[in-house]
Amino acid sequence: MFNRSLALIISIIALIGLVMVPAPYISAQEAGETMVFENVDYQKYPYIRVNIDGEQLVFDTNPQIVNGRTLVPMGTIFSTLGLTIHWDEETRTATGTSDDTTISFTIGSDQALVDGQAKTLEVPASIINGRTMIPLRFLSEALGYNVVWVGDSNLILISRSDIEEWRYDGFERVEPYKEYEAKYINGVKTADIRYTGKNHEVKFVTLYSADGRLVPNVADFDIARYGTGWFQQSPFSGRTYWIDLSLVTGPNNNSLFYDPVSFAPLKTGVLSDSNYTGNYVKVNISEQFFDLDTWRSMGAASNPELINIKDKTLTDGMVIKNTDAIFKVTINDQYSGLIPVFDLLGALLQPDNKTVYAVLDKDPRSMFNWSAETWTKLRGETPWAGMTDQMLLVQTLRKADIITPTKTRFSQFELWVYEYEYVDSVFFFDDGILTAMW
């Protein structure tokens with residue numbers, strides 16, 4: 001008895017849902033004409049909107065997606081489309097009737113009747129939140145309407161006429177970056193476009209890679225085409241390195257650093273005199289960039305791809321090698337300079353298994369607890385008895401070619417051999433202390 005009463009109450013609620021919504025009837029245009037949907041709000045909402053002939057419907061229960069099909073409250077949609085509603089409580093069937101069409105849905109059944117003919121539904125009519133919900137596309141198309149689903153906007157457009165709409169489609173990739181719309185007919189994009197009257201605001205950025213390359217002045221819409229491994233901030237800017245002076249020494253007592261005003265090479269002797277940590281120069285990188293005029297002024301014109309460029313804007317979007325990209329730096333906290341990226345960090349960017357301690361990312365005084373006298377001695381080229389194996393590595397910047405260890409009950413001996421073109425250098429260590437060399 002209780003179950004029958006409950007079923008009756010639910011049926012009454014569902015029936016009320018069919019008849020209580022006084023939505024106005026929207027008359028459709030004659031078939032064969034075109035309905036232009038102007039000023040459509042294509043912003044994506046968290047719920048599904050239904051627009052019929054330019055008017056958005058208001059539902060007391062939001063449309064629901066079930067198994068990929070949109071169900072809407074039957075009362076609202078029947079009334080809007082001009083159908084008279086009849087509810088059969090015994091069979092739980094809702095029927096909508098117009099002058100030329102009769103369509104029936106039975107709750108839970110995958111069959112619908114359209115003018116007496118059975119049609120299969122992909123999703124049956126259901127009762128959700130006390131409202132009878134039916135598949136919108138099936139109903140609309142059965143009544144001769146076109147239906148367009150705009151998934152990016154959670155929007156459904158319906159009209160008995162062909163549906164014409166203009167959707168934002170992007171902007172031209174050349175200045176002034178004019179925005180345009182594309183025409184869609186019944187949800188299918190056509191070749192027609194029209195301009196919106198607006199210009200897109202394009203942001204230009206410089207892309208940087210971990211291996212020191214860069215790409216200047218890339219339009220934001222082009223960033224993706226460079227693929228992964230590119231960043232909008234240099235991984236080197238703001239970092240400080242301690243570089244052995246021999247790595248940045250050029251011919252004629254010139255360093256590889258250039259004065260940023262005169263573009264004359266900075267003298268190695270000047271930089272060496274300002275050192276306070278062995279043979280290392282402290283280099284703080286403030287900026288990584290590329291400018292064709294600066295590149296030429298530094299005498300770096302060895303890349304034929306760049307040499308022949310007359311208009312410097314042609315380097316915009318070009319991948320600049322790390323041998324041509326430029327660092328703006330401060331040396332030993334005193335001197336401003338410019339230097340090609342690879343000339344400064346080549347030992348980091350292309351390391352070999354022999355080189356050690358050539359480029360440090362920490363102050364060497366914090367890495368090695370050595371006295372000022374030791375650091376001064378390390379600036380020379382002559383090893384001395386009593387130095388440690390780490391001191392020899394810092395002085396030579398390379399591992400030995402051959403290391404022969406010997407262990408006794410009382411000590412650990414190692415014989416280090418450095419092979420050179422005409423003569424070898426041999427060092428004998430006793431528990432890490434140099435005791436002999438020849």
Checklist entry - Looking at the stretch 54-73, which of the residues that are farther than 16 Å from Arg137 by Cβ and surrounded by fewer than 18 Cβ atoms within 10 Å (Cβ to Cβ) is farthest from the chain's Cα centre (by Cα)? => result Asp60
Next on the checklist: Just the residues that are closer than 21 Å to Ser297 by Cβ and crowded, with 21+ Cβ neighbours inside 10 Å, please, taken from the stretch 233-265.
Outcome noted: Val248, Ser255, Phe257, Tyr258
Item to check | Elements of type strands (runs of 3 or more DSSP E) contained in the stretch 149-223, each with 1 or more residues being over 30 Å from Phe138 (Cα atoms) and polar (S, T, N, Q) | outcome: 188-199, 204-208, 214-219
Checklist entry - Are any residues in the stretch 314-346 touching a strand residue (DSSP E or B) at 6+ places or on another chain (Cβ under 9 Å) and free of Cβ contacts under 8 Å to residues at least 40 places away in the same chain, and if so, which ones? => result Thr323, Asp324, Ile326
Item to check | Leu271 vs. criteria under 28 Å from Ala358 (Cβ atoms) and either of a type in the set (Val, Ile, Thr) or at pLDDT 95 or above (or both) | outcome: no
Item to check | Matching residues, the stretch 357-392, being surrounded by fewer than 16 Cβ atoms within 10 Å (Cβ to Cβ) and of a type in the set (A, V, I, L, M, F, W, C) | outcome: Met367, Ala372, Trp384, Ala385
Checklist entry - Restricted to the stretch 78-110, and to residues that are more than 54 Å from the chain's Cα centre (by Cα) and more than 22 Å from Arg160 (Cβ to Cβ), which residue is surrounded by the fewest Cβ atoms within 10 Å (Cβ to Cβ)? => result Glu90
Checklist entry - Of Ser255, Ser286, Ser237, Ser274, which residue is touching a strand residue (DSSP E or B) at 6+ places or on another chain (Cβ under 7 Å), among the hydroxyl-bearing types (Ser, Thr, Tyr) and within 30 Å of Leu392 (Cβ to Cβ)? => result Ser255
Checklist outcome for this item: Counting only residues in the stretch 338-356 that are more than 33 Å from the chain's Cα centre (by Cα) and not aliphatic (A, V, I, L, M), the one surrounded by the fewest Cβ atoms within 10 Å (Cβ to Cβ) is identified as Asn353
Checklist outcome for this item: Restricting the stretch 407-437 to residues that are surrounded by 10 or more Cβ atoms within 10 Å (Cβ to Cβ) and among the β-branched types (Val, Ile, Thr), the one nearest to Met367 (Cα to Cα) turns out to be Ile433
Checklist outcome for this item: Cβ pairs under 9 Å, 6+ apart or interchain, first in the stretch 174-192 and over 25 Å from Asn51 (Cα atoms), second of a type in the set (Val, Ile, Thr), ordered by first then second residue, are Glu175/Val202; Tyr177/Val202; Lys178/Thr196; Glu179/Thr196
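The values are calculated or read from the model by the stated rules, or taken from the named source; none is laboratory data. All values reported here derive from a predicted model rather than from experimental measurement. Here the Cβ is made from the backbone with ideal geometry for all residues, glycine too, and neighbour counts use every protein chain on show.
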